[in-house]
Amino acid sequence: MLMFSRITVFLILLFFCLDSNAQQILPYTITKKIEGTNGAVVSAHPLASKVGLNILKAGGNAVDAAIGTQLALAVVYPGAGNLGGGGFMIACLKNGKTVALDYREMAPSNATKDMYLDKNGNPITQLSLEGPMASGIPGTVAGLFASKKYAKLSFKKLISPAIQLAEEGFPITASQAQSFNNNKSDFERMNKTVVAFVKNTPWKEGDMLIQPELAKTLKRILRKKARGFYEGPIAKLIVQEMNRGKGIINLTDLKNYKAIERTAIRYNYKDYEIVGMPMPSSGGIIIQQLMKIIEQRNIADMGFQTAASVQLMTEAERRAFADRGTYMGDADFVKVPVKTLVSESYLQQRMNDFKPGVAGNSKITKEGIISESEETTHISIVDNEGNAVSVTTTLNGNYGSYTVVSGAGFLLNNEMDDFSVKPGSPNMYGAVGKAANAIAPGKRMLSSMSPTIVLKNNKPYIVVGTPGGTTIPTSVFQSLVNILEFNLNEEDAVNKPKFHHQWLPDELFIEKDFPTTVAAELKAMGYKLSTRTGIGRTELIRITNNNGRKVIAIADKRGDDAAEGY
Ligand code: GLY
């Protein structure tokens, strides 16, 4: 493995060819904010954002850029970018069409409700978190090809940068070096062969990560399209990997996997229209509940991050997550009472016992009465044609199941943990679920991913999303309220400290830079506060048209996330 010092990372000049257009993507720097007039891409890694930008500049639209950026992330951001995971895409196209694409992982045909329980009925959480048994059938590759019909460029143009990044390598960032070192023993434990993320001496910023097996897989996908992943040698390698552990994905499961176009959630919030993801993501409905609860309550007058506004938002979050735990699951399998959950009368009744200045209590607040590591990754993109794309994809935990498909070089997800393994038992995010999210063959596990687009005068205005497990809907909610109600600028809307309540545990989580005086006031109201590391890594783009078109793209301060635009 070649080594480079910190300084040389930024001095190396390599030229990557994007088909016939030579595109320079190294050296790279991490840009947190850009302002342009055309298009922008924000993602979790500067190289992936640059790949997306180059695609826009080469005449691709926002969907082209979303495909290329996701493929690049599968190479340069292995903790969450993926081929072996799944995701959701919301797109608002220039012709007015709204696309909600579900390429969430799916439970294998041999999955059973109790597959992660021991003989006494207790959850064996390790099984749904690590190794081949934790994996759902991957959806990402099917999703990329399902979105291709809205793209313009050849697939070769979109995948070439990813192939080159995998084949020739790229210098890793400091946080990636730290992450590979921290997870070394897990990679070694969960794999029989040496994987690309493990080496004998500790990783340092600037070391080159080269992934020849992944490059081979990408080339096969280029030649054979989605079938190149779901059938043939790669599918066989996935099944071989299953057989090395207790995995149950078989060749038929892979062959039968399909991405599904669903009907996006659309609703008005004051003068705006918000477009979000429906089931099997809970994110769209949770955000709709949260926005609708605050809509008539003059939150702007309470002020940004005052104890009053934080308490109102917290109590809305408590109630939305209580509903998530009970009512939400894959709507192809269970009846989710969507209409009621977002109806005005129901939401009003949910807030009947809200007392300003007094903390609620999750023992008293249950789900409403009705006769549903956070290492995910988000991409926000707009182009200069009027298209906007919001994509969130995931392996679930950081590096998913830690299992790399030997010979194919990509990580498999541990998304099965997003099912309710046992009613009332918390998953890795501490979220509890019930029968609606129980495991069943072919069912898609409930997600919190919330790719969101806000329209103003029927045109894309804000494109937003984030990783963060159950904190995803609350981070998106707070970023939106920060702009739409508190008039914060885009940077502050993303970077100011966030807070999170998810019903259970009955705690209000705050980031460490959350204002101490407000925290003290909330404590005095009766909240149990817990400080935690970063809530979300929000990627946000706002398009304004006040004095000519302006595209403002913000990458969250909380990671290596980077914005590119022109
Ligand atoms: N795996 C995180 C989510 O889908 O919400």
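The table for this structure:
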{"read-out": "Loop-located trypsin sites (Lys or Arg not before Pro) in the range 383-487, at most 10 other Cβ atoms within 10 Å (DSSP)", "value": "none"}
{"read-out": "Ranking of I285, I472, I248 by count of other Cβ atoms within 10 Å, fewest first", "value": "I248, I285, I472"}
{"read-out": "Principal axis dimensions, the range 97-151 - Cα atoms, whole angstrom, descending", "value": "51, 20, 17"}
{"read-out": "Sites T544 and R297 - FRET efficiency at Förster radius 25 Å, r taken between beta-carbons, to 0.05", "value": "0.40"}
{"read-out": "Three principal axis lengths of the range 285-437 [C-alpha, angstrom, descending]", "value": "58, 46, 29"}
{"read-out": "Distant-in-sequence amide H partners of Y461 (H built 1.01 Å from N, under 5 Å)", "value": "V454, L455, K456"}
{"read-out": "Nonlocal amide H pairs with Y269, under 5 Å, H built at 1.01 Å", "value": "I274"}
{"read-out": "Over the range 193-267: Rg over Rh, Cα atoms, Kirkwood Rh", "value": "1.12"}
{"read-out": "For the chain, the fraction of alpha-carbon pairs in successive 20 Å shells from zero, as %", "value": "23, 58, 19, 0"}
{"read-out": "Net charge of neighbours whose Cβ lies under 12 Å from the Cβ of E315, counting Lys and Arg as +1 and Asp and Glu as -1", "value": "+2"}
{"read-out": "Proxy reagent accessibility, fewest Cβ within 10 Å first, across R244, R318", "value": "R244, R318"}
{"read-out": "Gyration tensor verdict on the range 160-236 (Cα atoms; rounded if a/c is under 1.5, prolate if a/b is larger than b/c, oblate otherwise)", "value": "oblate"}
{"read-out": "Residues V481, V51 arranged by fewest to most Cβ contacts within 10 Å", "value": "V481, V51"}
{"read-out": "Centre separation in Å (Cα based) which lies between the range 200-269 and the range 118-172", "value": "4"}
{"read-out": "Tensor-based shape of the range 362-458 (alpha-carbon gyration tensor, a/c under 1.5 rounded, otherwise prolate or oblate)", "value": "oblate"}
{"read-out": "Global geometry of the range 98-224, whether rounded, prolate or oblate, following the gyration tensor of its Cα atoms and the 1.5 cut on a/c", "value": "oblate"}
{"read-out": "Proximal lysines relative to K156, as straight alpha-carbon distance under 28 Å, when same-chain residues fewer than 8 apart are discounted", "value": "K50, K57, K94, K97, K148, K216, K219, K224, K225, K236, K255, K258"}
{"read-out": "Residues whose placed amide H lies under 5 Å from that of N61, excluding near-sequence neighbours", "value": "K152, L153"}
{"read-out": "Relative contact order for the range 207-345, counting Cα pairs under 8 Å that sit 6 or more residues apart, in percent", "value": "16"}
{"read-out": "Whole-Hz ³J(HN,Hα) from phi, Karplus 6.51 cos²θ - 1.76 cosθ + 1.60, for the range 84-91, glycine and proline x", "value": "x, x, x, x, 9, 10, 10, 10"}
{"read-out": "Estimated 222 nm signal from helices in the chain, with DSSP H stretches of n ≥ 4 weighted -39500 (n - 2.57), rounded to 500", "value": "-9500 deg cm²/dmol"}
{"read-out": "Rounded Å value of the spacing that divides the Cα centres of the range 403-455 and the range 276-333", "value": "20"}
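Since every read-out is calculated from the coordinates, none of them should be taken as a lab result. All values derive from a computational prediction rather than experimental measurement. Virtual Cβ from ideal backbone geometry, glycine too; neighbours counted across all protein chains shown.
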